[in-house]
Structures are given as structure tokens and as C-alpha cells.
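Structure, as C-alpha cells:
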Amino acid sequence: METQQYDFGMVGLGVMGRNFLLNVADSGFSVIGLDKDDSKATALEKEGNANVKGATEPEEFVKALKTPRKIMMLVPAGSIVDSVIEELLPLLDDGDVLIDGGNSHFTDTNRRMEALQDKKVNYLGIGVSGGEEGARHGPSLMPGGSKEAYEIVRPIFEAAAAKVNGEPCVTYLGTTSAGNFVKMVHNGIEYGLMQLIAEIYDMMKRGMGLSNEEIHHTFSEWNDGELQSFLVEITADIFKEPDTKAGEGFLVDKILDKAKQKGTGKWTSQVAMDLGIPISVIDAAVTSRYLSALKDERQQAAQILVHENPPVEEDKKFLRGELRNALYFATIVSYAQGMALLKESSAEFDYGLNLSDVAKIWRGGCIIRAKLLEDIMASYHHQPDLANLMLDDHLSKLLLQLHLDAVEIAKLGLEQGIPMPGLNAALAYFDSYRSARLPSNLTQAQRDYFGAHTYERIDEPGTFHTEWNQS
Ligand code: 6PG
């Protein structure tokens, strides 16, 4: 193999790595992929054009790349990333760019970035969203790290990213682990939206007795309007998928109701707790996945804690508009919470995020792409320091319009015993946020009563303590 021949290298030729590399090759760059599994390297070459090469040896792979080398890793997050770095590092030169494209925890990215700084190798953490299809035909890419290092790979990423109105769904987001952090919050919002859609489905199916065909048509119709999004679109598709294995019925009804997770939603909740940022819809979504896993207990409880579902009144059988508005309401709240977390974390970790840019690159290619992101992008464009999206002029009016329908659906859920933790969390967050006075004065009084934790007063500055119940 000739030396210094290829523009871009990929370590890890699993589905995501292979697809992204083929996408880069289709965008006009020569590429080489490294995988210890010979069959994967061969499969890559078979699938790609003349500018695509497979390799199994790190030395051969590194030598074949033009300098400064641009190498991306798409391997499972965790210790494998460290092993790949360890193996490549002695072979790299000053100024080479090493990119982690996996869902790495942002603290791991910070640690690796620091370690590699001493070695003069540039390290970027880039969030990649869009699944297999996105990787192949245009993902949303969320890069973080040094701006100069990003400039070296920018033409490749801009060419490979999804496009919206001709604009690539990639832009430099911020320093250090900003890219991984933004991707993590993207996934948190993804969890929230998926949970909300699942709750609405549950209400349609168990609460209102709709057929899969009716559910398919409803989501399909919603996808033609303001709720247009990738997740609503695929949800509509799911309800028309037949069960070819059993030869009858719909596949969705045969899938075990235990939701798995790889951890990015949980990380979002953990970080938000650490930073003190309320993201209750995302928290509810993470908790719901854990609850779903308790299948045996749930089955037992269903026999003991029997819920006598009152029949849904005829006029409530198909509250299509209300259901849609409830989903729309909670969807806006879910994005608002994720963006609020990004705003705070950017200040905390000095990322320098531009939230309008974040919304912009989420409009295409990624799992949470949605029409609503146009409004979110515009909102932060005009008000970069907006404390919360729910305060935006347009979105606040919209939320107020949708609110009563969301309440109606939440009430129906409670009456029917249909769990709607995401919707209820969105409503409670909305009401808490717009309460000029909350009952936290009582919480403070209790803390001071039992632990002398002190409190502040509304009429006088300072910190106070009372010997309660002495007079
Ligand atoms: C994406 C997705 C992806 C994520 C899956 C699975 O943006 O393409 O977010 O990165 O890994 O959605 O996540 P869970 O297994 O945690 O549901």
C-alpha cells in the first residue's frame, strides 16, 4: 500500500463506523478503515468505491493516511476507546487529529483530551446522531474540542453531514467535551420525547381502544403538521408493520414491554442533578425505563393493586386534537428542559455554546430532528441569553394555548390508570416555573425547625434562625 494516500481514517468498522466511512467516501474523500476483524475490513472494501480501503493492522492504517492525519474512532464507549488510543498514540505525529465519535461520557473526553495535549495530538469529541441510516446518508454531527483542530476536519464533516436548506448539520460547538455533552443532552431529550409518544400511544390503545391502523393514521397525520419530527414519523410506520414471524397481527403488539438503555439518558439526569437543573421530563423517561424492566413485579401488582378502569365515555373516545396538543405541549417542555441544561452547563464548564447553533444542527440527521427546532433556533438567535424557552414570546403563547388540552389528557390518564409520568412532569414543571410563589417557604421552615438550617425572609435581607415552638 502506498504511504500517505488517504484523507480520512476510521477505527471500528461496525455498522456505524462502516456507514460513516462510506458516507465520507461518497462525499469525495479517499478513506481507510481499521478493524481487527478481517471480514469487516474486506466487507468495507467490497461495499466501497476505489477510494475505500480496509486494514487490519494499526501500523499499515496509520502510514496510509495523509498528514496531519484525521482519524475517527467509532467504537463502544468506555475502556475500548482508551485501548484504541493507547495503541495508536505511538504511531501518531504532532498535529494529527484523533476524533472520538462514540457516546463517550464527557468527563472521559476531558481526561483523554488533557492526556493527549501533552503528546501534541489534537483530540476532538464529536457527537454523531442519526443511527445507521444517518451515518450512511448524513448524520447530525456535534463537534467539541479545539477550534483549530476542528478546522482541519471541517471540510470532511461538512460534506458528510445531513443538510437542511443546503446548510450542513454540523458546526463547531465549543471547547473541551462540549460535543459529547451536547450529544448526551440530545439523547436525554430523545428519551423524553420517546416516553411522551409512548404515553400518548398507551392512552390511544388502552384508554381509548384505538386500533393499530387508527394509531398509524393519527401519528401519520400529526407528522404532516407542527408535530412533524423523525420520532413521530417512525412511530406512524411502526403501527403498520405486520408480524411476519408469527404470520398474523402487528409486530408492535408482540414486542416485550421492557425498555433497555445504554446510559446516556441516565447520565443526562445525573449531570442535571449535580448541576441543580430541573429536567423532570427526562428524569421521568429514565425512571420509566427502569419501571418497565420490573415486568414480573408489575404482573404481580396488576393482580393485587387492581385498577377498576372506568369506561372511557363515548365523547372522549377519540380526543385527537387534545392528544395531539398534549404531546405538543410536553414536547416543547422537554426541549425547554434540555436547552436549559445546556445553557447552565455551558456556563459551568466554559463550553461557550451557542444554543441557536445547537438547534440548527439538530434540524436534520439526528433522532430528535423536528419542525419545532426551527422555532427554537429562531428564539435563541434573537435572544441568546433567554433563561428558558418557555419564556419566548411565541412559545409561551403556544404553551398557554395547548395547556388545557394537556391537562385534560393528564386527568384522563389519572382516572384511567394510564401512567403518563412524562406528561405529568411537563405539566408540573410548567406550573412550578410559572408560580411566582412556591410552598418552599414551608420546606425552609421545616429545615430550620429540625436542623437549624436557617432561612431567608421576604422582607429583610440576611439569614435567620428561630427556636421553633418555644413561645
Ligand atoms: C442517536 C442515538 C444513539 C443512541 C441510541 C440508543 O442519536 O443516533 O441517540 O446515539 O445510542 O438511541 O440509546 P439507548 O440504548 O440508551 O436507548
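The values are calculated or read from the model by the stated rules, or taken from the named source; none is laboratory data. Since this is a predicted model, take the numbers as computed values, not measurements. Cβ coordinates were reconstructed from backbone atoms using ideal geometry, including for glycine residues, and neighbour counts include every protein chain displayed. Remember, those area values only see protein heavy atoms, side chains included, never the ligands or the DNA or RNA. Shrake-Rupley method; radii C 1.70, N 1.55, O 1.52, S 1.80 Å.
Observations on the model:
- For segment 425-432, the criterion of being over 20 Å from TRP362 (Cα atoms), modelled with pLDDT of 95 or more and among the aromatic types (Phe, Trp, Tyr) is met by at least one residue.
- Tabulated pairs, segment 172-195, first within 14 Å of TYR335 (Cβ to Cβ), second away from the ligand (no atom under 11 Å from the Cβ) and not in a helix (DSSP H, G or I), C-beta under 6 angstrom, 6+ apart or interchain: VAL182/LEU173
- Per this entry, ALA162 is not counted among residues that are within 13 Å of the ligand (Cβ to nearest atom), more than 15 Å from ILE361 (Cβ to Cβ), surrounded by 19 or more Cβ atoms within 10 Å (Cβ to Cβ) and within 20 Å of the chain's Cα centre (by Cα).
- Residue count for segment 87-131 satisfying the condition of being away from the ligand (no atom under 16 Å from the Cβ) and among the aromatic types (Phe, Trp, Tyr): 1.
- Restricting ASP448, ASP357 to those that are touching a strand residue (DSSP E or B) at 6+ places or on another chain (Cβ under 9 Å), charged (D, E, K, R) and surrounded by 14 or more Cβ atoms within 10 Å (Cβ to Cβ) reduces the list to ASP448.
- Residues located in segment 288-312, provided they are buried (at least 17 other Cβ atoms within 10 Å of the Cβ), closer than 19 Å to LEU196 by Cα and not small (Gly, Ala, Ser): ARG289
- Selection of segment 390-405 for residues being under 14 Å from ASN325 (Cβ atoms) and over 23 Å from the mean Cα position of the chain (by Cα) yields LYS397, LEU398, LEU400, GLN401, LEU402, HIS403, LEU404, ASP405.
- Segment 381-399 - residue that is open to solvent by less than 20 Å² (accessible area, probe 1.4 Å) and of a type outside the set (A, V, I, L, M, F, W, C) and, of those, nearest to GLU226 (Cα to Cα): ASP392
- Residue within segment 218-237 that is open to solvent by 30 Å² or more (accessible area, probe 1.4 Å), among the hydroxyl-bearing types (Ser, Thr, Tyr) and in contact with a Phe, Trp or Tyr (Cβ under 7 Å, 6 or more places away or on another chain) present: no
- Any chance VAL81 is touching a Ser or Thr at 6+ places or on another chain (Cβ under 8 Å), open to solvent by less than 20 Å² (accessible area, probe 1.4 Å) and over 21 Å from GLY138 (Cα atoms): yes
- Long-range neighbours under 7 Å by Cβ, at least six apart or interchain, first residue under 21 Å from HIS465 (Cα atoms) within segment 427-444, second among the aromatic types (Phe, Trp, Tyr): GLN444/TYR455
- Leading residue by the ranking (surrounded by the most Cβ atoms within 10 Å (Cβ to Cβ)) among those in segment 246-272 that are farther than 21 Å from LEU196 by Cα and in contact with a helix residue (DSSP H, G or I) (Cβ under 8 Å, 6 or more places away or on another chain): VAL271
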